[in-house]
1. For region 34-104, what is the convex hull volume of its Cα atoms per residue in Å³?
2. Arranged from highest to lowest average of other beta-carbon atoms within 10 Å per residue, in what order do the peptides 103-116, 69-82 appear?
Amino acid sequence: MERSSFHRIPKWDLYDFSDPIEEVGRKKKRKIKLKPKKILILAAVVCVLFNVLQLHYTIWSLNKQIEEGIEVKKELLAEQKKLKEEIEKVKSPEYVEKLAREQLGLVKPGESLVITKTEKNN
């Protein structure tokens, strides 16, 4: 048998139609191997991150409720102070006399009551 002067081209090179210029600029893709241990660690990190975010939201919500409660407390304390002042005012004899004269039409002995007639516009 005669040896040919051709050298043998590997079979896989015959079917490679890629452009050699494109090959230079293209990076090889690395396959990511996902092992069960990596998946478990990733799942744990995701769970921890989710729980931290959920707790952060809960803390923020509770702080907002505390601030609203403080505002309500301030309003109620102001109203309480106003009511206490009104109670002290009502307990005074001068205020009782004023109410008796204005609302009930009472007069002191020796005084006369003057009632003015008001016209109604119908």
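1. Cα convex hull per residue, to the nearest whole number: 90 Å³.
2. So the order, starting with the most tightly packed, is 69-82, 103-116.
Computed from the coordinates by the stated procedures, all read-outs in this text should not be read as laboratory data. Every value quoted in this text rests on a predicted model; they were computed, and no experiment measured them. Don't worry about glycine lacking a Cβ; one is built from the backbone with ideal geometry, like all the others, and counts go over all protein chains shown.
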